[in-house]
Amino acid sequence: MTLVLSAVALWVQSCGIYSFTGTSIQPEVKTVTINYFEYTAMKVNPSLSNQLTEALQEKFLKLTRLELVDMDGDLEIVGAVTGYDVKAAAVTANEQAATSRLTVTVKISFTNRKFPEDDFPDKSFSAYADFDAMQSLDAVEASLCEEIVEKLCDDMFNATVARW
């Protein structure tokens with residue numbers, strides 16, 4: 001039985017369409033271009049675009065067999081940070097914020113040059129992280145952004161190559 005399962009698993013992976021990371025990339029697709037994320041949000045975080053771009057590139061390199069190229073990849077992702085907002089998430093009995101929420105929104109367009117039916121022109125993704133309202137955003141911003149970037153990269157990766 002174990003031998004049969006091993007053989008089936010090897011066969012499925014060798015097809016090139018499905019992998020154990022959850023991706024479904026056709027064998028003809030060999031390269032990916034992930035452009036630098038523009039920053040168009042009103043509130044400025046100078047390192048977020050770079051952090052997001054690098055994290056998404058890393059995710060593709062780690063979880064796929066695709067080669068990262070600077071331009072004209074078989075797959076291409078163009079994105080922008082469109083929102084960066086802090087709002088109260090929970091209020092105490094005396095109407096003061098107990099928890100604040102940092103929300104980051106990005107919009108991407110995805111192009112599959114080999115299989116254009118997989119393209120999508122504009123899709124928005126949002127992720128947030130909560131923090132104690134008694135803390136300043138400056139004190140927790142770096143760790144919140146790491147958490148949010150990870151969530152956003154998971155969502156964008158799944159929407160483009162895992163199609164979840």
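Based on this model, can you work out whether S109 counts as loosely packed, with under 14 Cβ neighbours inside 10 Å and part of a strand (DSSP E or B)? Walk me through how you get there before you give the answer.
Numbers: loosely packed, with under 14 Cβ neighbours inside 10 Å: no; part of a strand (DSSP E or B): yes.
Against the criterion (loosely packed, with under 14 Cβ neighbours inside 10 Å and part of a strand (DSSP E or B)), S109 does not qualify.
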Check whether at least one residue in the range 88-99 is in contact (Cβ under 8 Å) with a residue 24 or more places away in the chain and part of a loop (DSSP other than H, G, I, E, B), and report yes or no. yes
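Hey, can you tell me all the residues within the range 64-77 that are outside any loop (DSSP other than H, G, I, E, B) and buried (at least 17 other Cβ atoms within 10 Å of the Cβ)? Before you say what the answer is, go through the steps one by one.
Start the filter on the range 64-77 by keeping residues that are outside any loop (DSSP other than H, G, I, E, B), which leaves 67-68, 75-77.
L75, E76, I77, listed by residue number.
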Index of the failed condition, N50 passing every other in (1) free of Cβ contacts under 8 Å to residues at least 12 places away in the same chain; (2) in a helix (DSSP H, G or I); (3) farther than 16 Å from K30 by Cα; (4) not hydrophobic (A, V, I, L, M, F, W, C): (1)
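Rule-based calculations on the coordinates, nothing more; no lab input. Small disclaimer: the values here were computed from a predicted structure and weren't measured. Glycine gets a Cβ as well: all are built from the backbone with ideal geometry, and neighbour counts include every protein chain shown.
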